[in-house]
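What follows is one structure encoded as structure tokens, with my remarks underneath.
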């Protein structure tokens, strides 16, 4: 394909980039002191909360929208445990690419004119034409993380890094016995000092917690995949050493780590342990991929709980325990070349043990290797093997239930008979209107797969979802805000 060099084509690309705001600069969001009443407080400042900040910033941009109230200047705060913005820093594997189009960034699908689009980022970095010449919709994962960090830098005035939220508490009741705000308690990760902030609206967007298989011992040499790029190089600090390394898992992260280990440690012996019969390709074909379209959330939310469960099981191969086909082919090619050189698989540097599981781990002292006993998942008497390894990488996914601990003190405000947190279509959890003011509320992000579908924990819908939540939180101030479902429960009269 001929590279884009003609002046008219360059002008066309530049015209696609929004100029409604400075290409770089501060957000228009207003910071508030810790002793002030906040209009919105977001717990966590990863991609989900960042998308909310961007959507709110765009909603207040007079070049994009007209506010019902021109004096609308909400007091907003984001609390983030990490010391700076980071997105899966432990899995920024060299050469890894995004699995979604760059147009599913934090703004484009909601508002293509936003100054927070990936295209505007490229324009600001003076790489727009160069990226176009790549001929791909899939940027490097490292570049997309840099794009999100570029967006996050514009919100520094309203983000408090190094603050780990430990509890959300209902504020005192008014004369009618109704809660009008919530108190968010956080701990400074550096000093241990506790802080409290009051907010009428609270969004919980904590992301996932690393999930380890039950029975695995606590050992610094057993690392979750989320720590691959950050902690494994510290543990195994000699790039040329003949390490033995095992990987557990059958999804994209496990395959990426397994494939990268030989590049990182060329003299190592690596073993991939998976319960399935083989690495399976993800289904990202066009029709199937439409399950990640933002409008599909409406349809999924309207299904019964039983039908939702069936849909998630049917579409599981789009996201769980699957690997992009090109990576599978690269791994297979490596295996084949080993077979050409030596037909004895036990002598290969890179091995895959399919239909196996870790039976037990003997973790010796630090001067010795760990001993991993693996066995067949089907027949207890066959395929037993012992691996002595210097490190074990565990790629078994994430748990998304951190909100349960944070909201312990809010449980008493749920509707009578409620046994869980029931989010409405607008992600606002059901609270008893006889106990909570309609000006106060809690929204959940990234933990609603059962009610909102497989896209809930992914990047695909963040731009649109951020706008939906902003519309739900600030419906009274935003012109043209779409109607949102009121999830509060009215007391019976």
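Every number in this text was worked out from the coordinates using simple rules, so none of it is lab data. Being a predicted model, the structure only gives us computed values, none of them experimental. Ideal geometry is used to build each Cβ from the backbone, glycine not excepted, and the neighbour counts take in all protein chains shown.
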Quiz item: Using the Kirkwood formula over every pair of different C-alpha atoms, what hydrodynamic radius in Å results for segment 51-205?
Solution: 18.2 Å
Quiz item: What are the semi-axes of the equivalent ellipsoid for segment 277-430, taken as the square roots of 5 times the Cα gyration tensor eigenvalues, largest first, in whole Å?
Solution: 41, 25, 14
Self-check item: Stokes-Einstein D for segment 111-174, Kirkwood Rh over Cα pairs, 10 °C, 1.306 mPa s (µm²/s)
Solution: 107 µm²/s
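Please report the antiparallel percentage of the DSSP beta bridges confined to the chain, to the nearest 5.
45 percent
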Quiz item: How do 364, 373, 88 line up, fewest other C-beta atoms within 10 Å first?
Solution: 364, 373, 88
Quiz item: Under a plain spin-label model, where a point goes 7 Å from the Cα along Cα-to-Cβ, how far apart in nm are residue 326 and residue 289?
Solution: 1.2 nm
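Ranking 320, 121 by Cβ neighbours within 10 Å, fewest first, what do you get?
Going from sparsest to densest Cβ surroundings: 320, 121.
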Self-check item: Burial order of peptide ranges 413-421, 107-115, 223-231 (average beta-carbon count within 10 Å, highest first)
Solution: 107-115, 223-231, 413-421
Quiz item: What shape does segment 347-390 have by the C-alpha gyration tensor, where a ≥ b ≥ c are the square roots of the eigenvalues, rounded means a/c under 1.5, and otherwise prolate means a/b greater than b/c and oblate the rest?
Solution: oblate
Quiz item: Taking 0.36 nm per residue of separation and subtracting the Cα-Cα distance, what length does fully extending residue 316 through residue 438 add?
Solution: 40.2 nm
Quiz prompt | In degrees, nearest ten, helix 325-341 long axis to first principal axis of the chain (Cα) | solution = 10 degrees
Quiz item: How high is the relative contact order of segment 183-247, in percent, with contacts defined as C-alpha pairs under 8 Å that are six or more residues apart?
Solution: 17 percent
Quiz item: Using the alpha-carbon atoms, what tilt in degrees (0 to 90, nearest 10) does helix 141-153 show relative to the longest principal axis of the chain?
Solution: 30 degrees
Self-check item: Mean shadow area of segment 222-355, taken as a quarter of the surface of its Cα convex hull (nm²)
Solution: 10.3 nm²
Quiz item: Using a basic spin-label model with each label point 7 Å from the Cα along Cα→Cβ, how many nm lie between residue 101 and residue 379?
Solution: 4.8 nm
Exercise. Please report, to two decimal places, log10 I(q)/I(0) for segment 74-129 at q = 0.15, 0.25, 0.30 Å⁻¹ as given by the Debye formula with identical point scatterers on the Cα atoms and no solvent.
Key: -0.68, -1.13, -1.09
Quiz item: Using Cα atoms only, what is the angle between the long axis of helix 47-59 and the major principal axis of the chain, expressed in degrees (0 to 90) to the nearest 10?
Solution: 30 degrees
Quiz prompt | Gap separating the Cα centres of segment 335-411 and segment 59-84, nearest whole Å | solution = 46 Å
Exercise. Compare the peptides 203-212, 171-180 by average per-residue count of other Cβ atoms within 10 angstrom and give them in order, highest first.
Key: 203-212, 171-180
Practice problem: Tell me the label-point distance for the pair residue 409, residue 136, using the 7 Å Cα-to-Cβ offset, in nm and rounded to one decimal. | Solution: 4.8 nm
Quiz prompt | Expected-Rg normalisation [2.2 N^0.38 Å, Cα atoms] applied to the chain | solution = 1.06
